[in-house]
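Here is the structure we will look at.
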Amino acid sequence: MSDLLVVAIDGPAGAGKSTVGRAVAARLDLAYLDTGAMYRGVTFGVLRRGLDPGDVESVARVAAAIDIRLAGEGITVDGVDASIEIRGREVTSAVSAVAANSSVRTELVRRQREWVIAHGGAVVEGRDIGSVVFPDAPLKLYITASARVRAERRVAEIGGDVDEVEASIIERDRKDSTRDDSPLTEASGSIVVDTSGLSIDEVVEQILRLLPDDQS
């Protein structure tokens, strides 16, 4: 896998990873993989089956059997278009419990690696890409922004109260950073990119300048 160009992007929710990742992938003519959508897809499947997201064994069985297909910004789960539902409040409130399940993480990491190999490299974003999924990626980034800025961006997209969204983001960060398996963290060798005061184009240009000379 060392000959594949993999740009690993980690960071907290709402920092702009998806928007930046897609733009970087387009500039480099690479595939793009949103691993968070995969965890949300499993969560959607769990809820659709009427299961408790905290039921470790049942959720693990769902992750092993579920059919998840990603295409562009869309996702189908067991043949059902879940592109809108995976971003809804029900899935959002349950995804941390599913993502903390070690069996789920093991299964999805396996799928993520296979996906990237099949696509000949990719820009991959999530919360444990540089630390767990692709620790040898030639470029590892940790994209972040203040909780307030992230809340303002989320409200601009889907509405809501900024203070409430900010509190939710802070709690999500706490859960992701303190879970036992693959916690959200700055991977060794990663470069921190704070997007708080930057436009998407500025962030993308900054990232492209960070590529190793033989990969740019």
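The values are calculated or read from the model by the stated rules, or taken from the named source; none is laboratory data. Bear in mind the structure is a predicted one, so any value in this text is a computation, not a measurement. All Cβ positions, even for glycine, are placed from backbone atoms using ideal geometry, and neighbour counts span all protein chains on display.
Points worth noting:
- If the condition is being touching a helix residue (DSSP H, G or I) at 6+ places or on another chain (Cβ under 7 Å) and either in a helix (DSSP H, G or I) or small (Gly, Ala, Ser) (or both), then the stretch 141-153 contributes Ala147, Arg148, Arg150, Ala151, Glu152.
- Those residues of the stretch 113-140 which are surrounded by fewer than 21 Cβ atoms within 10 Å (Cβ to Cβ) and not in a loop (DSSP other than H, G, I, E, B), in sequence order: Arg113, Glu114, Trp115, Ile117, Ala118, Val132
- Listed by position, the helices (runs of 4 or more DSSP H) inside the stretch 1-101 whose residues that are modelled with pLDDT under 95 and surrounded by fewer than 19 Cβ atoms within 10 Å (Cβ to Cβ) number at least 1 are 17-28, 35-48, 89-99.
- Within the stretch 191-209, residues that are within 20 Å of Ala147 (Cβ to Cβ) reach partners that are charged (D, E, K, R) with beta carbons closer than 7 Å, at six or more positions or on different chains, in the pairs Val192/Glu186.
- Residue list for the stretch 39-56, restricted to those being over 11 Å from Ala94 (Cβ atoms) and either outside the structural domain of Asn101 (by TED's automatic domain parsing) or without any contact (Cβ under 8 Å) to a residue 24 or more places away in the chain (or both): Arg49, Gly50, Asp55
- Total residues in the stretch 1-28, condition free of Cβ contacts under 8 Å to residues at least 12 places away in the same chain and over 18 Å from Asp201 (Cβ atoms): 1
- Number of residues in the stretch 178-211 that are within 22 Å of Thr19 (Cα to Cα) and either of a type outside the set (A, V, I, L, M) or outside any helix (DSSP H, G or I) (or both) equals 20.
- Every condition in (1) touching a helix residue (DSSP H, G or I) at 6+ places or on another chain (Cβ under 9 Å); (2) over 23 Å from Ser182 (Cα atoms) holds for Gly79 except the one numbered (1).
- Checked against the criterion of being of a type outside the set (Phe, Trp, Tyr) and either out of contact with any helix residue (DSSP H, G or I) (no Cβ under 9 Å at 6 or more places or on another chain) or within 20 Å of Val124 (Cα to Cα) (or both), the candidates Gly21, Gly54, Gly45 yield just one match: Gly21.
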